[in-house]
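A short worksheet on the structure shown next.
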């Protein structure tokens, strides 16, 4: 492809020699992320989303340069951080360039009075959290991928974390960032601390998966490390009462930083030796000592009214020690014929339990274990996280199972008028349902895309956008 050769020649004149990569093994590596389907593709030697070239950048100026050249030559650009996406966001649908942003790193800049920190977009989440902890601060943003994801990736995928019931998702924690548009234009968006001058333009890019612009630096809120933390585990008689208890406590204005409710199948994993054959609910409260104690008493009283029985703090403390461990899924995927999937969706309180029940029914024949938990809670509804673990005869059959799992799960969620993604984004996994999920709102998204990226340079094929140039 002559455009690719021209691009390689131009960029090698302007960037470091090792910044432009076209070796076959490198291109193979960049055609996969952490999506279980992509993992099985790799095991089978399949590379259906292979780039033509990989370009590594280490500054916003280099990002702008690459985008200018790509737009000029009509080549697609797919941004990539650390490749920890579990739905295929950084996998190209039209070849072209994979733009590796993982070297966009540098020292954080702390704004102590404003309680914010500014970092380049390629900074690893765990590195930033450790830096803040040394100063008595924390992000209070803890995705399971904290040690394998970047702050820029959090913006692109509209990420959320394990303490979201109190602190919200990344959309609530980011105050400003810089984005580079498809033609190389650099935009800084943010509010100080709120504004009424037009819409909040940050929200235009949060969750856009690199289809509208590429984030190069981010300013986030930071918090004092909590003075006191109290945690407790409970058994609950059934799913209905557990979900009702969560709804009542959150609608009463109580805001535990940790709130996770496991069905009986997943409770066996969550509780280990403490398993009672019942659903389990984990709660945690932190902050000012007196306020923390009062909230803990209020939440406990409400849970007991719904039949909850305390198991003490130990199960939650054990979970906190292993909460970033993804090895169960990875070890199963590494076995011949092994497969695993994690699908997070959401719905209103009035629809979440019926959707949960149908998901369990529809997915049960496709895996050895189908586990479910509710872990991000809002006044109007909750997320639902479904984990599937299975063993097929071989990897080809495993791939077939994973594809059917996605089809059935998305059809159930759409049927219940739920959200097909709560915090992992759409990527390739949810691409067939993107327009159906967004409904008439997709027309607006398409018009924004056409205005900001008329050649469909940026991550085409994601969010139902740019499938054809």
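The values are calculated or read from the model by the stated rules, or taken from the named source; none is laboratory data. Owing to the predicted nature of the structure, the values given are computational and were not obtained by experimental measurement. Note that we place each Cβ from the backbone using ideal geometry, even for glycine, and neighbour counts take in every protein chain shown.
Scanning segment 257-277 for residues that are in contact with a helix residue (DSSP H, G or I) (Cβ under 6 Å, 6 or more places away or on another chain) and over 20 Å from residue 389 (Cα atoms) yields 257, 259, 274. Within segment 426-451, the set of residues being on the phi > 0 side of the Ramachandran plot and modelled with pLDDT under 95 comprises 439 only. Filtering segment 21-49 to residues that are farther than 28 Å from residue 327 by Cβ and either assigned to a loop (DSSP other than H, G, I, E, B) or assigned by TED's automatic domain parsing to the domain that holds residue 387 (or both) leaves 22, 23.
Of the residues making up segment 325-365, those that are out of contact with any helix residue (DSSP H, G or I) (no Cβ under 6 Å at 6 or more places or on another chain) and farther than 25 Å from residue 396 by Cβ number 13. Screening the candidates 402, 428 for the property of being closer than 30 Å to residue 98 by Cβ, buried (at least 21 other Cβ atoms within 10 Å of the Cβ), assigned by TED's automatic domain parsing to the domain that holds residue 335 and out of contact with any helix residue (DSSP H, G or I) (no Cβ under 6 Å at 6 or more places or on another chain) yields one hit, 428. When you check residue 271 against the structure, is it part of a loop (DSSP other than H, G, I, E, B), over 26 Å from residue 171 (Cα atoms) and in contact (Cβ under 8 Å) with a residue 40 or more places away in the chain, yes or no? So residue 271 fails the test.
Report yes if residue 413 is in contact (Cβ under 8 Å) with a residue 12 or more places away in the chain and in contact with a strand residue (DSSP E or B) (Cβ under 6 Å, 6 or more places away or on another chain), otherwise no. Judged against the criteria, residue 413 is a match. Among the helices (runs of 4 or more DSSP H) confined to segment 278-391, the ones with at least 2 residues that are free of Cβ contacts under 8 Å to residues at least 60 places away in the same chain and closer than 30 Å to residue 41 by Cβ are located at 327-334, 349-363. Would you confirm whether any residue within segment 119-127 is closer than 20 Å to residue 453 by Cα and touching a helix residue (DSSP H, G or I) at 6+ places or on another chain (Cβ under 9 Å)? Taking every residue of segment 119-127 in turn, none turns out to be closer than 20 Å to residue 453 by Cα and touching a helix residue (DSSP H, G or I) at 6+ places or on another chain (Cβ under 9 Å). With respect to residue 188, determine if the residue is touching a helix residue (DSSP H, G or I) at 6+ places or on another chain (Cβ under 8 Å) and free of Cβ contacts under 8 Å to residues at least 40 places away in the same chain. Against the criterion (touching a helix residue (DSSP H, G or I) at 6+ places or on another chain (Cβ under 8 Å) and free of Cβ contacts under 8 Å to residues at least 40 places away in the same chain), residue 188 does not qualify. The set of residues in segment 46-70 that are in contact with a helix residue (DSSP H, G or I) (Cβ under 9 Å, 6 or more places away or on another chain) and free of Cβ contacts under 8 Å to residues at least 12 places away in the same chain contains only 46.
Restricting attention to segment 55-75, the residues being buried (at least 21 other Cβ atoms within 10 Å of the Cβ) and either in contact with a strand residue (DSSP E or B) (Cβ under 7 Å, 6 or more places away or on another chain) or assigned by TED's automatic domain parsing to the domain that holds residue 149 (or both) number 7.
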